[in-house]
Amino acid sequence: MGYSPQRTKVFRFCSQGYCPQTCLFCSTRNLLRWATGKDSVPYISLSAQDLVKEVVYLSQVLPEMETIFISDDDFFTQRQRAKDFFEAIIKRKNNGEIRDIKFILSGRIDEVDEDIFSIS
């Protein structure tokens, strides 16, 4: 069958690698510690600007895409990055650069604040 961009309704990806939190209950953190043999693994993350570029690109090359699911459990760890991302997406939607796409973001509820919800 193969890959068909016309059939992609939901695109899911991670924009960050390895959470900077040190929660002992986290299986991902513990797995990375075990796999690398290190207590600390480098934290990597796309900037808000790079993340927006990816969204713009995806909206252009996947015409049937309806939803982008960014599956970072720690999306809101860098609050300014999240705010910059939302503000840039809204700006690009308003100027027609991005069509109406739904977003699903995973994150910790204790990292979301009123500033994030007030962005519109």
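The values are calculated or read from the model by the stated rules, or taken from the named source; none is laboratory data. The structure presented is a predicted model; accordingly, all values stated were derived computationally and were not measured. In this analysis, Cβ positions are derived from the backbone assuming ideal geometry, glycine residues included, and neighbour counts consider all displayed protein chains. For accessibility, only protein heavy atoms count, side chains too; no ligands or nucleic acids. Shrake-Rupley method; radii C 1.70, N 1.55, O 1.52, S 1.80 Å.
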(message) How big is the dipole moment of region 74-120 about its Cα centre under a simple scheme where the beta carbon of each Lys and Arg is +1, that of each Asp and Glu is -1, and everything else is neutral? Debye, nearest 20, please.
(response) 300 debye
(request) Run the accessible area of region 70-119 with a 1.4 Å probe and give the carbon-and-sulfur part as a rounded percent. (result) 48 percent
(message) For residue 97, what accessible surface area do you get with a 1.4 Å probe? Give it in Å², rounded to 10.
(response) 80 Å²
(request) Once you've got the Cα coordinates, tell me which of 38/83; 53/83; 38/102 are over 27 Å apart. (result) 38/83; 38/102
(request) Specify which residue in the list 96, 77, 59 is farthest towards the positive end of the charge dipole of region 49-103, using unit charges on the beta carbon of Lys, Arg (+1) and Asp, Glu (-1), about the Cα centre. (result) 96
